[in-house]
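The values are calculated or read from the model by the stated rules, or taken from the named source; none is laboratory data. Fair warning: this is a prediction, and the values are worked out from it, not measured in the lab. No Cβ is skipped: glycine too gets one built from the backbone with ideal geometry, and neighbour counts run over all protein chains shown. Please note that ligands, DNA and RNA were not included when accessible areas were found on the heavy atoms of the full protein model with its side chains. Shrake-Rupley method; radii C 1.70, N 1.55, O 1.52, S 1.80 Å.
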Amino acid sequence: MSPWKFLSCPILAGLLLASMSCGASAEPPTSPVTAELGTPFTLSAGVVASLDDDRMIASFAGIPADSRCPAATACVWEGDATVVIEVSVGGQRSRPELHTSRRFGTGANVNDYRIELVALRPARPPSGTIPVGDYRVDLLITKA
């Protein structure tokens with residue numbers, strides 16, 4: 001006798017629905033942000049900013065490296081975090097890397113625009129890592 005014979009259709013349907021909902025996100029999609037050229041604004045993971053009457057679209061693409069000095073510790077060097085911003089201007093995409101350390105490029109030119117990293121939050125904790133969804137990137141975009 002098959003063990004499946006004892007499971008009724010309602011039970012199978014309930015198990016199927018429960019398994020399908022396990023991977024679903026409880027958070028709604030994030031709305032686009034309308035930002036102004038020359039005014040700092042904040043992006044988090046998954047948020048898209050529209051600037052200059054939709055001529056430029058910018059989004060926070062990730063943090064491939066974060067070696068900043070942890071909060072509440074004394075470091076010889078302040079460290080650096082790399083912030084990747086995905087930008088679309090006139091249908092052309094680019095992914096400039098901006099840095100928190102002034103020793104590296106804190107800004108980048110993309111077409112007729114200048115993108116500057118103003119701040120990266122939160123500060124790095126003394127131990128552990130920061131989930132990408134907890135990062136906030138403050139940017140300033142102007143005409144180059």
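Consider segment 105-144. How many of its residues are in contact (Cβ under 8 Å) with a residue 60 or more places away in the chain, farther than 29 Å from Asp54 by Cβ and surrounded by 14 or more Cβ atoms within 10 Å (Cβ to Cβ)?
Summing the residues that are in contact (Cβ under 8 Å) with a residue 60 or more places away in the chain, farther than 29 Å from Asp54 by Cβ and surrounded by 14 or more Cβ atoms within 10 Å (Cβ to Cβ) in segment 105-144 gives 1.
Is it true that Arg102 is loosely packed, with under 13 Cβ neighbours inside 10 Å and farther than 14 Å from Ala45 by Cβ? Full working, then the answer.
Numbers: loosely packed, with under 13 Cβ neighbours inside 10 Å: yes; farther than 14 Å from Ala45 by Cβ: yes.
Yes; evaluated as a whole, the condition is true for this residue.
Leu37 versus (1) among the aliphatic types (A, V, I, L, M); (2) part of a strand (DSSP E or B); (3) open to solvent by 40 Å² or more (accessible area, probe 1.4 Å): which is the lone unmet condition?
(2)
For residues that are open to solvent by less than 20 Å² (accessible area, probe 1.4 Å) and in a loop (DSSP other than H, G, I, E, B), tally how many sit in segment 73-91.
2
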